[in-house]
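Working notes, structure below.
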Amino acid sequence: MQIAFIGLGNMGAPMAINLIKAGHSVKAFDLSQDAVAKVVAGGGQAAASAQDAVQGAEAVITMLPASQHVEGLFLGDGKLLASIAKGTLVIDSSTIAAATSQKVAKAAEAAGIDFIDAPVSGGTGGAIAGTLTFMVGGREAQLERARPLLEKMGANIFHAGSVGAGQTAKICNNMLLGILMVGTSEAIALGVANGLDPKVLSEIMRRSSGGNWALEKYNPFPGVHENAPASKGYAGGFGTDLMLKDLGLSQENAIATKASTPLGGMARAIYAAHSVGGHGGEDFSSVIKMLLKKG
Ligand code: NAD
């Protein structure tokens, strides 16, 4: 299948490469030439623009940072929707506001284009391994159209509900992830302040009632997990500013629905302070730096 892939960052590039490995033809576009080069090295074709990428595409996949990028791309100045052929399937895997997904989906429907939100979980490791979890919002028939492509990039595909529901599931998950990364960091920092070995403590907690995803795969303390961003100077992975965005989305939603999310609100404040402290571009597990004793 001819696929346009737009947004080739930490997540988009490995996802696009998995589609190429599965035999699809991918025309790739990103504002960064370096990002495009990675997908070209993986067998993709470079597109000169987003408009160029979607020419002849049967499916369009986007993996962009935030709501404004998705809305700007499809409905803004370039109005990409107008360049996409009627009947095309558009899969947006970015984590954005559900209301933005619904707005773009409405415009897409008016143009005869199938649009679903399909945000993901599983981190860059899951994107590379093709084991992501997709949370899909859209009609059943639209999900079934997308399924063969999603299966090449992920291991779990859930139908969360109508368009926007994938995003709502995603912000619930990431609110929990933000909270548990801070909690895991606090526990490790407390142990280290008492002279415990972070590796031994992490293994004890992983196999005890405090066990969680960070302790399994994404330990925030350098050197515990060889492949985690913490062991690579907090480079790559999931940026602090992206986590801050997701916690902001969860709190906006909590305000709108009058839901009580006290720890989500606190986690947002902690990540905001971490970002202001100059760590916005580092992986979100670097939040442990705020909590470890210096000297
Ligand atoms: P990233 O910052 O690494 O990549 C985003 C890419 O989009 C960049 O290469 C940027 O140049 C490109 N871009 C921005 N605007 C563009 C435009 N108008 N046209 C073309 N390209 C454009 O981000 P990421 O970590 O890959 O995350 C992407 C999305 O996935 C975010 O919404 C994030 O919240 C979500 N997400 C990330 C992870 C993770 O572990 N990194 C996990 C799950 C979900």
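Read-outs throughout are calculated quantities, based only on the coordinates presented, and are distinct from any laboratory measurement. The model shown is predicted, which means the values in this text are computed figures rather than measured ones. As a convention, Cβ positions derive from the backbone with ideal geometry for all residues, glycine included, and neighbour counts pool all protein chains shown.
Couple of notes before you dig in:
- Cα gyration tensor shape for the range 2-162, rounded if a/c is under 1.5, else prolate or oblate: rounded
- Stokes-Einstein D (µm²/s) once Rh is taken as the Kirkwood radius of the range 168-290 over alpha-carbon pairs, at 4 °C in 1.567 mPa s: 89 µm²/s
- Inverse of mean 1/r across different Cα pairs in the chain, Kirkwood, Å: 19.7 Å
- Ranking LEU247, GLY233, HIS279 by Cα position along the charge dipole of the range 168-290, where only Lys, Arg, Asp and Glu carry charges on their C-beta atoms, puts LEU247 farthest toward the positive end.
- Unsatisfied cross-links (Cα-Cα over 18 Å) in the set LYS217/LYS245; LYS21/LYS152; LYS86/LYS106: LYS217/LYS245
- Between the range 204-234 and the range 69-115, the Cα center-to-center distance that results, in Å: 37 Å
- Averaging the sequence gap over all C-alpha pairs within less than 8 Å and six or more residues apart, then dividing by the number of residues, gives the range 64-215 a relative contact order of 18 percent.
- Arranged from fewest to most other beta-carbon atoms within 10 Å of their beta carbon, GLU58, GLU144 become GLU144, GLU58.
- The charge dipole of the range 168-290, taken about the Cα centre with unit charges on the Cβ atoms of Lys, Arg (+1) and Asp, Glu (-1), comes to about 180 debye, rounded to the nearest 20.
- Inter-part distance where the range 258-290 and the range 1-38 are each reduced to a Cα centre, Å: 30 Å
- Taking the helices alone, the chain has a mean residue ellipticity at 222 nm of -15000 deg cm²/dmol, built from -39,500 (n - 2.57) per DSSP H run of at least 4 residues and averaged over all its residues.
- DSSP-defined beta bridges in the range 87-168 - what % are antiparallel, rounded to 5: 25 percent
- Antiparallel bridges, percent of DSSP beta bridges restricted to the chain (to nearest 5): 15 percent
- Listed residues ILE61, ILE179, ILE96, most fluctuating in the chain (Gaussian network, C-alpha, under 10 Å): ILE179
- Relative contact order (percent, whole number), the chain, Cα cutoff 8 Å, 6+ residue spacing: 13 percent
- For the range 1-133, the antiparallel share of DSSP beta bridges with both residues in that region comes to about 5%.
- Amide H contacts for VAL60 (H built 1.01 Å from N in the peptide plane; partners 5 or more residues away or on another chain; cut-off under 5 Å): ALA4, LEU89, VAL90, ILE91.
- Selected from GLN251, GLN102, GLN68 as most flexible by GNM, with the chain as the system and alpha-carbon contacts under 10 Å: GLN68
- Given charges at beta-carbon only (K, R positive; D, E negative), |dipole| of the range 110-177 in Debye: 80 debye
- Reach of LYS170 by Cα under 17 Å, taken over aspartates and glutamates that are not fewer than 8 positions away in the same chain: ASP92, ASP117, ASP241, ASP246, GLU252
- Global geometry of the range 60-99, whether rounded, prolate or oblate, following the gyration tensor of its Cα atoms and the 1.5 cut on a/c: oblate
- Relative contact order of the range 170-295, pairs being alpha-carbon contacts under 8 Å that are 6 or more residues apart, as %: 34 percent
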